[in-house]
């Protein structure tokens with residue numbers, strides 16, 4: 001649906017990602033932002049664990 005909306009509004013190139021992020025945010029009541037923040041936190045924690053293991 002998000003990609004279809006982008007196409008319908010002639011969104012292309014670098015503008016697609018911000019468009020989709022806003023589309024998902026608006027259509028999930030903000031839940032997509034919370035999920036993305038959780039993913040960033042988890043990835044950061046994993047990266048720290050890997051860095052410690054490699055050091």
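Residue under question is residue 4, and the condition is that it be loosely packed, with under 10 Cβ neighbours inside 10 Å, within 17 Å of the chain's Cα centre (by Cα) and at pLDDT 95 or above; does it hold?
Numbers: loosely packed, with under 10 Cβ neighbours inside 10 Å: yes; within 17 Å of the chain's Cα centre (by Cα): no; at pLDDT 95 or above: yes.
It is false that residue 4 is loosely packed, with under 10 Cβ neighbours inside 10 Å, within 17 Å of the chain's Cα centre (by Cα) and at pLDDT 95 or above.
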### Query
Regarding residue 16, is this residue outside any helix (DSSP H, G or I), surrounded by 10 or more Cβ atoms within 10 Å (Cβ to Cβ) and either without any contact (Cβ under 8 Å) to a residue 24 or more places away in the chain or on the phi < 0 side of the Ramachandran plot (or both)?
no
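The values are calculated or read from the model by the stated rules, or taken from the named source; none is laboratory data. The model shown is predicted, which means the values in this text are computed figures rather than measured ones. As a convention, Cβ positions derive from the backbone with ideal geometry for all residues, glycine included, and neighbour counts pool all protein chains shown.
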